[in-house]
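First comes the structure, then the notes that go with it.
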Amino acid sequence: MTAATRPRRRARGRIEVLPSGALRVSVYAGLNPVTKQRHYLKEVVPPGPKAAAQAEKVRTRLLSEVDDKPSARTNASVDQLLDRYLDVLKIEDTTRTGYERLIRLHIRPVLGSLSIGRVNGETVDAFYAQLRTCRARCGGRPYVEHRTDVDHECDERCGAHRCRPLGEASLRQIHNVLNGAFSRAVKWRWIGVNPIAQAQAPTAPTPDPQPPTPAQAARISAEAWKDPDWGMFVWLAMTTGARRGELCALRWDRIDFAAGVLNIRSSIAQTSGRTWEKDTKTHQRRRIVLDAQTLTLLRAYLQHCAERAATFGVELRDEAFVFSPEPDGSMWPKPDLATQRYTRMCARLGWDMHLHQLRHYSATELIAAGVDVRTVAGRLGHGGGGTTTLRVYSAWVAEADQRAANSLAARMPELPAQIIGDSAQGGMPVRSDDGDSDHPYQRIAGDLRAAIRCGALDEGDPLPTVKQLAARYSVSVATAHRAVSILTESGEVVASRGRRSAVRRTTAEAAVLSSV
């Protein structure tokens, strides 16, 4: 190795000559506490007569970046910060239980022993990457997952570990916990900068409600009604869209049979087997109007509960719980039991479903029936004036809006002939005579076919470009391409590479002859 190619070391940092003549500057920036890998700041200086001097400036700047790294004003660990954060955090007990579980299972084992000054954006990003690969952070090492930690004889429940990534929703919750804790640390002057803000926040998962179809809902209802108590619970979940905890907290004196209204005032929470009555999720009371059939079923069910209480020699009071395991209605049911029973019932029917999907069913059926979003949000108890409802059920809202547009278009008067003629030159699209189509590309193809048949597009006339069609119909270019392909395959349009698609001459002539 010659003197020109030998790497030149400095007190701190490294400058080496690359085969191209450029200089690469590397400065050691510490050890990643999660991956245990060395981290370097690197930068390449282009070759030239002043490359050496420029490389020295780059090395000095990188060293300054390492030296200027925000340092903690305390030796507290992440564990100590999290403990202090949970002490002062004011949240619901159910939310606290979820936070504590995420901290215990995922955060403490990796970051807990680190000093808060050693945590930076790269550390957190590496932590998230591990969890996205495997929630057990196995590092790719094979091992046996045992059914218990105590001494035992392995059976079919013990087997080779299979990596299961942690979901984006859980990762986002972990990010929120860490960000909240380190934000408090900045306010408490434990550190100068919040390192979690320097990490890439996990993306919020796209809402994907999967409500049962009307046919599935009918089978679920029929199966549930084999037990009157369970049937009434499932029926109310379908018709009101109430949360499971809200139904468990429902009392008879909160059902106004005269006005046909159900009042939601509280909810039953459950964590680790403990249950208690609390405020609703959004801390608001709401009134849900009931249909005549549901009111009839509730009256019959009230009589059934009263007769059962009399059989046991007790009285069913007005404030009794509607779905109580006790004959006198003095105790609320456990929400987890309702969830488990619903899951088992659906499994018998051959479906993998959960109880919350009945809430989605109620919402989507209301939207499909043309009920406005604000009314649906009020029945479901969504906050934000319908913002949450739009975000979760945007696909159903868009579908209902499309049906409304098609219904209006079917009742609109015919366009004047001059407007139809202008459409061939890039104006407004003509209406199709082929009826409503299920897909946008079919509607586009139908409009173009109608323009050909009525003579707005004559033989040899070029079609609007796919970009024009995409903009006109508010669809993607690929959808417009597909519409043109339909006409090409049917022989109505000629398409060639590098040229605009045009009306086939024979097709135009046939259209004229058929009209005569």
(request) For segment 66-77, indicate whether the set of residues that are modelled with pLDDT of 85 or more, surrounded by fewer than 17 Cβ atoms within 10 Å (Cβ to Cβ), part of a helix (DSSP H, G or I) and on the phi < 0 side of the Ramachandran plot is non-empty. (result) no
(request) Evaluate the following for residue 296: is it β-branched (Val, Ile, Thr), within 15 Å of residue 258 (Cα to Cα) and exposed (fewer than 14 other Cβ atoms within 10 Å of the Cβ)? (result) yes
(message) Filter segment 312-335 down to the residues that are out of contact with any Cys (no Cβ under 6 Å at 6 or more places or on another chain) and surrounded by 15 or more Cβ atoms within 10 Å (Cβ to Cβ) and list them by number.
(response) 314, 320, 321, 322, 323, 324, 327, 328, 329, 334
(request) Could you check residue 280 against (1) touching a strand residue (DSSP E or B) at 6+ places or on another chain (Cβ under 8 Å); (2) in a helix (DSSP H, G or I); (3) hydroxyl-bearing (Ser, Thr, Tyr) and say which number it fails? (result) (2)
(message) Just checking, does segment 111-118 include any residue being at pLDDT below 90, surrounded by 13 or more Cβ atoms within 10 Å (Cβ to Cβ) and basic (Lys, Arg)?
(response) yes
(request) Inspect segment 145-164 for any residue being touching a Pro at 6+ places or on another chain (Cβ under 7 Å), in a loop (DSSP other than H, G, I, E, B), surrounded by 13 or more Cβ atoms within 10 Å (Cβ to Cβ) and on the phi < 0 side of the Ramachandran plot and give the result as yes or no. (result) yes
(message) With the structure loaded, tell me whether residue 268 is within 18 Å of residue 356 (Cα to Cα), of a type in the set (Val, Ile, Thr) and either surrounded by 15 or more Cβ atoms within 10 Å (Cβ to Cβ) or assigned by TED's automatic domain parsing to the domain that holds residue 328 (or both) or whether it fails that test.
(response) yes
(message) Between 237, 306, which is of a type outside the set (Lys, Arg), touching a Leu at 6+ places or on another chain (Cβ under 6 Å), without any contact (Cβ under 8 Å) to a residue 12 or more places away in the chain and not in a strand (DSSP E or B)?
(response) 306
(message) So in segment 439-466, with the set limited to residues that are assigned to a helix (DSSP H, G or I) and under 31 Å from the mean Cα position of the chain (by Cα), which one is surrounded by the most Cβ atoms within 10 Å (Cβ to Cβ)?
(response) 443
(message) Looking at 191, 174 in this structure, which one is surrounded by 15 or more Cβ atoms within 10 Å (Cβ to Cβ), β-branched (Val, Ile, Thr) and outside any helix (DSSP H, G or I)?
(response) 191
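Inspect segment 208-218 for any residue being among the aliphatic types (A, V, I, L, M) and surrounded by 14 or more Cβ atoms within 10 Å (Cβ to Cβ) and give the result as yes or no. Quick ask: steps written out before the conclusion?
Filtering segment 208-218 down to residues among the aliphatic types (A, V, I, L, M) leaves 215, 217-218.
Remaining after also requiring surrounded by 14 or more Cβ atoms within 10 Å (Cβ to Cβ): 217.
Scanning segment 208-218 turns up at least one residue that is among the aliphatic types (A, V, I, L, M) and surrounded by 14 or more Cβ atoms within 10 Å (Cβ to Cβ).
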(request) Would you be able to say whether some residue in segment 350-366 is touching a residue at least 40 places away in the same chain (Cβ under 8 Å), surrounded by 15 or more Cβ atoms within 10 Å (Cβ to Cβ), under 15 Å from residue 247 (Cα atoms) and β-branched (Val, Ile, Thr)? (result) no
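The values are calculated or read from the model by the stated rules, or taken from the named source; none is laboratory data. Small disclaimer: the values here were computed from a predicted structure and weren't measured. FYI the Cβ positions are ideal-geometry reconstructions off the backbone, even for glycines, and counts take in every protein chain you see.
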